[in-house]
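Novice: Here it is: the structure, laid out below.
Derivation of every value follows stated rules applied to the coordinates shown; laboratory data play no part. Nothing here was measured: the structure is a model prediction, and the numbers come from that model. Quick reminder, even Gly has a Cβ in these numbers, built from the backbone with ideal geometry, and neighbours come from all protein chains shown.
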Amino acid sequence: MDIQLIQQDIFRLKKEKNAVILAHYYQVPEVQDIADHVGDSFALSKLAAELPEPLIVFCGVSFMAETAKILSPEKTVLLPVADAGCPMADMVTAKDVLDLKRRHPDAAVVSYVNSSTEIKALSDICCTSSNAVKVIRSLPHKKIIFLPDENLGSYAAEQIPEKEFVLFKGFCPVHEEVQPIDVKLTRDKNPGALFAVHPECRADVRKEADFIGSTGQIIDFIKRTDHPNFIVGTEMGILHPIISQNPTKKIVSLTPNFICPNMKKTRLINVLESLQQMKQMIELDDTIIEMSRKPLFKMLEAS
């Protein structure tokens, strides 16, 4: 089917059904281009709750669409590809959290928003990659159980040495794969480039960075920094908005392997079929929605 025809059908159905299309920065360019809003996962979920449209098509992975549903339980939220998941979110189970709470009863459980609804429901507070340090500093607890991302947790621990951290051994397989040698090789090919990295990367990679931040913060850093070339240390999808916003700057990915297979599952045809067939609809139990809303709202208050 012709791409232009698919786009036309998407726009027609979106208007007919009073829908809004949200896409994460890691989505393929063709999906980002038809979205009404492109952004970080939690920023999009928060936006979904503020927008008037009753139908949300979330082009991302499952935990993102679930978070949008938690914040907008009265709205219909669709995930275009049912098996677009997050390996890191799947690494931690409810049993893991309960075991950690039993072993560390004096600790606060802080869960990265890149986690399942069930894990959020068992947490004291949530955080994003952009506000993790601020959220944790706001807590009175001296001990922090951080999950599921050990790398983001270790980054926060570096910034807050006065607190004790119990880090769950989870990770994003895409960010974890990157090594310091990748930084050296790419810097050799791009002398003088500034290196911006996501805190989901390992500590030995972060140590090489000129800037550490979330996807949104990396985009903002490159946009406001008067420098001609940059190396981007996160999933390659982010290059699409960065390059379009900075046409005179040279932007390269840290490695050509910086690709999240789950984020790349969603294509235009999936968005169209999602609107046509109203799939895959996110359905969550009222009780777990209520339980998981609390740590998300606590995060909003703290940040």
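Novice: From Cα pairs below 8 angstrom and at least 6 apart in sequence, can you work out the relative contact order of the stretch 178-253, rounded to a whole percent? Present the calculation step by step, with values, prior to reporting the outcome.
Specialist: Working: 109 pairs, mean separation 21.6, N = 76.
Result for the stretch 178-253 is 28 percent.
Novice: While we're on this one: Sorted from fewest to most neighbouring beta carbons within 10 Å, what does the list MET299, MET281, MET291, MET64 look like?
Specialist: Ascending number of Cβ neighbours within 10 Å: MET281, MET291, MET299, MET64.
Novice: Under the rule of at least 5 residues apart or a separate chain, name every residue whose amide H is placed under 5 Å from the amide H of ILE125.
Specialist: For ILE125, whose amide H was placed from the backbone, the distant partners under 5 Å are VAL109, SER111.
Novice: For the chain, build the convex hull from the C-alpha positions and give me its volume per residue in Å³.
Specialist: On the way: hull volume 39.5 nm³, N = 303.
Here the figure is 130 Å³ per residue.
Novice: Net charge around ILE222, counting only other residues with Cβ within less than 12 Å of its Cβ (Lys, Arg = +1; Asp, Glu = -1)?
Specialist: Charge balance in the 12 Å sphere: +1.
Novice: Using a 7 Å offset from the Cα along the Cα-to-Cβ direction at both LYS15 and THR248, what is the distance between the two label points in nm, to one decimal?
Specialist: Placing both labels 7 Å beyond Cα along the Cβ direction yields 3.8 nm.
Novice: Roughly what % of DSSP beta bridges within the chain run antiparallel, to the nearest 5? Display every interim value, and only then the final one.
Specialist: On the way: 1 of 34 bridges.
Roughly 5 percent of the beta bridges in the chain run antiparallel, per DSSP.
Novice: Separate question: Among ILE136, SER274, ILE125, whose Cα lies farthest out toward the positive end of the dipole of the chain, if unit charges sit on the beta carbon of Lys, Arg (+1) and Asp, Glu (-1)?
Specialist: ILE136
Novice: What net charge do the residues around ILE10 carry, taking every other residue with its C-beta under 12 Å from that of ILE10, with Lys and Arg at +1 and Asp and Glu at -1? Present the calculation step by step, with values, prior to reporting the outcome.
Specialist: Details: positive: ARG12, LYS14, LYS15, LYS17, ARG267; negative: ASP9, GLU16, GLU30, ASP33, ASP36, GLU273.
With Lys, Arg at +1 and Asp, Glu at -1, the net is -1.
Novice: Which pairs break 27 Å Cα to Cα here: LYS143/LYS184; LYS169/LYS207; LYS264/LYS294; LYS15/LYS69; LYS169/LYS264? Numbers along the way, then the final one.
Specialist: Details: LYS143/LYS184 36 Å; LYS169/LYS207 20 Å; LYS264/LYS294 31 Å; LYS15/LYS69 21 Å; LYS169/LYS264 25 Å.
Over 27 Å apart, Cα to Cα: LYS143/LYS184; LYS264/LYS294.
Novice: For the stretch 178-253, restrict the atom set to alpha-carbon positions and state the Rg and Dmax in Å.
Specialist: 11.2, 31
Novice: For the stretch 116-122, take each phi angle, set θ = phi - 60°, evaluate the Karplus expression 6.51 cos²θ - 1.76 cosθ + 1.60, and give the result in whole Hz per residue in order, putting x for glycine and proline.
Specialist: Working through the residues one at a time gives 6, 4, 4, 5, 4, 5, 8 Hz.
Novice: Any idea what the relative contact order of the chain is, in percent, if you count C-alpha pairs under 8 Å spaced at least 6 apart?
Specialist: On the way: 589 pairs, mean separation 67.6, N = 303.
It comes to 22 percent, rounded to a whole number.
Novice: Tell me the net charge near ASN246. Cut-off is 15 Å between Cβ atoms, ASN246 excluded, with +1 for each Lys or Arg and -1 for each Asp or Glu. Mind showing how you got there, number by number?
Specialist: On the way: positive: LYS223, ARG224, LYS249, LYS250; negative: ASP220, ASP226.
Neighbour charge sum, excluding ASN246 itself: +2.
Novice: Then there is this: Any idea what the relative contact order of the stretch 129-181 is, in percent, if you count C-alpha pairs under 8 Å spaced at least 6 apart? Write down the numbers at each step before the final one.
Specialist: Values: 55 pairs, mean separation 19.2, N = 53.
Once normalised by length, the contact order is 36 percent.
Novice: Also, I was wondering about something else. Placing +1 at every Lys and Arg Cβ and -1 at every Asp and Glu Cβ, with all other atoms neutral, what dipole size does the chain have around its Cα centre, in debye to the nearest 20? Kindly include the intermediate steps, with their values, before the conclusion.
Specialist: Details: 35 positive and 40 negative charges, 92 e Å.
Dipole size: approximately 440 debye.
Novice: Also, I was wondering about something else. For a quick check of your reading of the filter: which trypsin sites (Lys or Arg not before Pro) in the stretch 220-271 sit in a DSSP loop and have no more than 11 other Cβ atoms within 10 Å?
Specialist: Details: sites: LYS223, ARG224, LYS249, LYS250, LYS264, LYS265, ARG267; in loops: LYS249, LYS264, LYS265, ARG267.
Counting only loop positions with at most 11 other Cβ atoms within 10 Å, none of the trypsin sites (Lys or Arg not before Pro) in the stretch 220-271 qualifies.
Novice: Points 7 angstrom from Cα along the Cβ direction at HIS37 and ILE160: gap in nanometres?
Specialist: 2.7 nm
Novice: Considering the options ILE212, TYR25, CYS59, tell which one lies farthest towards the positive end of the dipole of the chain, charges being +1 on Lys and Arg and -1 on Asp and Glu at the Cβ, about the Cα centre.
Specialist: Of the candidates, ILE212 comes out farthest on the positive side.
Novice: Apply the Karplus parameterisation 6.51 cos²θ - 1.76 cosθ + 1.60, with θ equal to phi minus 60°, to every residue of the stretch 86-94 and state each ³J(HN,Hα) to the nearest whole Hz, in sequence, with x for glycine and proline.
Specialist: Here the 3J(HN,Hα) series is 9, x, 5, 4, 6, 6, 10, 10, 4 Hz.
Novice: Per 0.36 nm of contour for each residue apart, how much would the distance between LYS279 and ARG103 grow if the chain were fully extended, relative to their Cα-Cα spacing? Please report the intermediate quantities before stating the final value.
Specialist: Values: separation 176, 0.36 × 176 = 63.36 nm, distance 4.10 nm.
Extra length from LYS279 to ARG103 when fully extended: 59.3 nm.
Novice: Also, I was wondering about something else. Using a 10 Å Cβ count of at most 13 others and DSSP loop calls, identify the longest part of the chain lacking such GluC sites (Glu not before Pro).
Specialist: On the way: sites that count: GLU74, GLU162, GLU283.
Longest site-free region, per DSSP loop and neighbour criteria: 163-282.
Novice: Give, rounded to the nearest 20 debye, the magnitude of the charge dipole that the stretch 178-253 has about its Cα centre when Lys and Arg contribute +1 at Cβ and Asp and Glu contribute -1 at Cβ.
Specialist: Details: 10 positive and 9 negative charges, 32 e Å.
So the dipole magnitude of the stretch 178-253 works out to roughly 160 debye.
Novice: Sum -39500 (n - 2.57) across every DSSP H segment of at least 4 residues in the chain, then divide by the residue count to get the 222 nm mean residue ellipticity, nearest 500.
Specialist: -12500 deg cm²/dmol
Novice: What ranking do ARG293, ARG12 get, fewest neighbouring Cβ atoms within 10 angstrom at the top?
Specialist: Values: ARG293 15, ARG12 12.
Lowest to highest Cβ neighbour count: ARG12, ARG293.
Novice: Next up: Calculate the dipole size of the stretch 88-171 relative to its Cα centre from +1 charges on Lys and Arg beta carbons and -1 charges on Asp and Glu beta carbons; express the result in debye to the nearest 20. Each step should come with its number before you reach the end.
Specialist: Details: 11 positive and 11 negative charges, 45 e Å.
With Lys and Arg at +1 and Asp and Glu at -1, about 220 debye.
Novice: Hey, another quick one. Which of the lysines could a cross-linker span from LYS265 if the Cα-Cα distance has to be under 19 Å and same-chain partners fewer than 8 positions apart are dropped?
Specialist: Within reach: LYS279.
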